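A quick write-up on the structure given underneath.
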């Protein structure tokens, strides 16, 4: 029955061009734990990740989108949250009221692709890797020894409020990355992207730019 409903939603999105949230929301909670990698795909809405707290997950979503919601835990300490059938926003989900709140003691990897806005707070870690793509926007706050960012598409990564010692940043497409690296910084930018450092580190000899890309020390 659920497969039939999802198929009807896909057909509806194809015929009418977009799938809009109903405005009537429901909230679900999930009891997954023991994960430190988070994969967020094909969502539209707001996401908050709160680091330094016990594992907890809640999702608020429009009732007409509920059957599309997938929250799964994999075998490699990873949590996946996505909308089924909405790869690359093929269902044109718009005007949704999706809100995802995830808390966990520590996070090692965040993968964020879609049209959603993500804010990560409370980071206090040795290593953090972020993959940001499509039209997703990600904000990071806290401290970390090492930071790796791969940004591609039209979205931005705001890590100027994440104080790091060393950073390795790649950005390609139309998106920008702001970073705050104090000691070492390797950056590679291409297309129309910009990488801006708000910290004391200079771009090292392995850094490069191509096309209209820019490397800037703010």
**Complete:** Exactly one of 98, 148, 102, 143 is touching a helix residue (DSSP H, G or I) at 6+ places or on another chain (Cβ under 8 Å) and either surrounded by fewer than 18 Cβ atoms within 10 Å (Cβ to Cβ) or modelled with pLDDT of 95 or more (or both), and that one is 98
**Message:** Within segment 69-95, take every residue that is at pLDDT below 95 and buried (at least 22 other Cβ atoms within 10 Å of the Cβ) and give me the one that is farthest from residue 136 (Cα to Cα).
**Reply:** 91
**Prompt:** Residues of segment 115-132 being at pLDDT 95 or above and either part of a loop (DSSP other than H, G, I, E, B) or closer than 19 Å to residue 19 by Cα (or both), which ones?
**Reply:** 116, 117
**Asked** Which condition breaks for residue 127 when tested against (1) touching a residue at least 24 places away in the same chain (Cβ under 8 Å); (2) surrounded by fewer than 18 Cβ atoms within 10 Å (Cβ to Cβ)?
**Response** (1)
**Fill in**
The condition from (1) closer than 30 Å to residue 88 by Cα; (2) surrounded by 18 or more Cβ atoms within 10 Å (Cβ to Cβ) that residue 212 misses is numbered (2)
**Item:** Complete set of residues in segment 48-57 that are over 19 Å from residue 144 (Cβ atoms) and either assigned to a strand (DSSP E or B) or within 14 Å of the chain's Cα centre (by Cα) (or both)
**Value:** 56, 57
**Message:** Can you pull out every residue in segment 21-42 that is in a strand (DSSP E or B) and at pLDDT 95 or above?
**Reply:** 25, 26, 27, 28, 29, 30, 37, 38, 39, 40, 41
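Can you tell me how many residues in segment 33-73 are farther than 20 Å from residue 120 by Cβ and touching a strand residue (DSSP E or B) at 6+ places or on another chain (Cβ under 9 Å)? Outline the logic, then answer.
In the first step, residues of segment 33-73 are kept if they are farther than 20 Å from residue 120 by Cβ; the result is 61-70, 72.
If we keep only those that are touching a strand residue (DSSP E or B) at 6+ places or on another chain (Cβ under 9 Å) too, we end up with 61-66, 68-70, 72.
Residues flagged as farther than 20 Å from residue 120 by Cβ and touching a strand residue (DSSP E or B) at 6+ places or on another chain (Cβ under 9 Å) within segment 33-73 amount to 10.
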**Message:** When you scan segment 138-146, do you find a residue that is without any contact (Cβ under 8 Å) to a residue 24 or more places away in the chain, farther than 25 Å from residue 24 by Cβ and within 11 Å of the chain's Cα centre (by Cα), even just one?
**Reply:** yes
**Fill in**
Among 192, 176, 180, the single one that is within 20 Å of residue 133 (Cβ to Cβ) and crowded, with 17+ Cβ neighbours inside 10 Å is 176
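Which one of these is at pLDDT 95 or above, surrounded by 18 or more Cβ atoms within 10 Å (Cβ to Cβ) and under 30 Å from residue 169 (Cα atoms): 55, 112?
Testing whether each residue is at pLDDT 95 or above, surrounded by 18 or more Cβ atoms within 10 Å (Cβ to Cβ) and under 30 Å from residue 169 (Cα atoms) leaves just 112.
The values are calculated or read from the model by the stated rules, or taken from the named source; none is laboratory data. On a predicted model such as this, the values are computed, not experimentally measured, just so you know. When we count neighbours, we look across all protein chains shown, and the Cβ atoms used for this are built from the backbone with ideal geometry, even at glycine.
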